[in-house]
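I have placed the structure first, in the form of structure tokens, so that the comments after it can refer back to it.
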Amino acid sequence: MSAEDPRCVIVVDDDPGVRDVVRSMLESSGYKVLLAENGKEALRLLKSEHADLILTDLVMPEQEGIETIKALRRQYPKIKVIAMSGAFGGDYLRIAAYLGAHATLAKPIQMDRLLKLVSETLESGE
């Protein structure tokens, strides 16, 4: 990843604290980060912004993550997706993977695991 052309990650989470912490970690690792508080907002962002990866929570008001992943797979099939959730004992994460998430991450988020997963997902050749 060159400093002139950082990879762009959209962080989608309804919790502003989670968005801010994840943004801070990703930016300090050289990524460009855009924020959205739900799936609808993320899809609106993609109409005007390029993104390499969507890091999305699964349980959110307005448009939750499963619905967002389905829309991303239809409209933006090349964008990588990492789903994150602490809900329902991991069932949502399994559903997200089945629907096309490239990777999943259980909450609470371990930042070293997040950074490794983002890097591996972006470098994977799908």
Check your understanding: Condition test on Ile54, is it more than 10 Å from the chain's Cα centre (by Cα) and β-branched (Val, Ile, Thr)?
Key -> no
Exercise for review: Any chance you could count how many residues in region 1-30 are out of contact with any strand residue (DSSP E or B) (no Cβ under 6 Å at 6 or more places or on another chain), modelled with pLDDT of 95 or more and over 25 Å from Glu67 (Cα atoms)?
Suggested key: 5
Practice item. Specify which of the listed residues (Leu105, Leu117) is touching a strand residue (DSSP E or B) at 6+ places or on another chain (Cβ under 6 Å) and either outside any helix (DSSP H, G or I) or exposed (fewer than 12 other Cβ atoms within 10 Å of the Cβ) (or both). Key: Leu105
Point to revise | Residues being touching a helix residue (DSSP H, G or I) at 6+ places or on another chain (Cβ under 9 Å) and assigned to a helix (DSSP H, G or I) - total across region 13-47 | key: 9
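Among the candidates Ala71, Ala83, Ala96, single out the residue that is of a type outside the set (Val, Ile, Thr), assigned to a strand (DSSP E or B) and under 25 Å from Gly125 (Cβ atoms).
Just a single option satisfies the conditions, and that option is Ala83.
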Review point. Can you find even one residue in region 32-53 that is surrounded by 17 or more Cβ atoms within 10 Å (Cβ to Cβ), touching a Lys or Arg at 6+ places or on another chain (Cβ under 8 Å), free of Cβ contacts under 8 Å to residues at least 40 places away in the same chain and of a type in the set (Val, Ile, Thr)?
Key: yes
Practice item. Filter region 48-63 down to residues that are of a type outside the set (Gly, Ala, Ser), part of a loop (DSSP other than H, G, I, E, B) and either touching a strand residue (DSSP E or B) at 6+ places or on another chain (Cβ under 8 Å) or over 20 Å from Gly17 (Cα atoms) (or both), then give me how many there are. Key: 6
Review point. Do we find that Lys78 is assigned to a loop (DSSP other than H, G, I, E, B), modelled with pLDDT of 90 or more and within 25 Å of Asp5 (Cα to Cα) in this structure?
Key: yes
**Study point:** Subset of region 106-126 (residues that are at pLDDT below 95 and in contact with an Asp or Glu (Cβ under 9 Å, 6 or more places away or on another chain))
**Key:** Lys107
Revision key, fill the gap. When region 61-108 is checked residue by residue, the ones that are polar (S, T, N, Q) and within 13 Å of the chain's Cα centre (by Cα) are Thr68, Ser85, Thr104
Check your understanding: How many residues does region 60-99 contain that are among the polar types (S, T, N, Q) and either surrounded by fewer than 16 Cβ atoms within 10 Å (Cβ to Cβ) or touching a residue at least 40 places away in the same chain (Cβ under 8 Å) (or both)?
Key -> 2
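The values are calculated or read from the model by the stated rules, or taken from the named source; none is laboratory data. Please read these numbers as outputs of a predicted model, since none were measured by experiment. Glycine also receives a Cβ, built like all others from the backbone with ideal geometry; neighbour counts cover every protein chain displayed.
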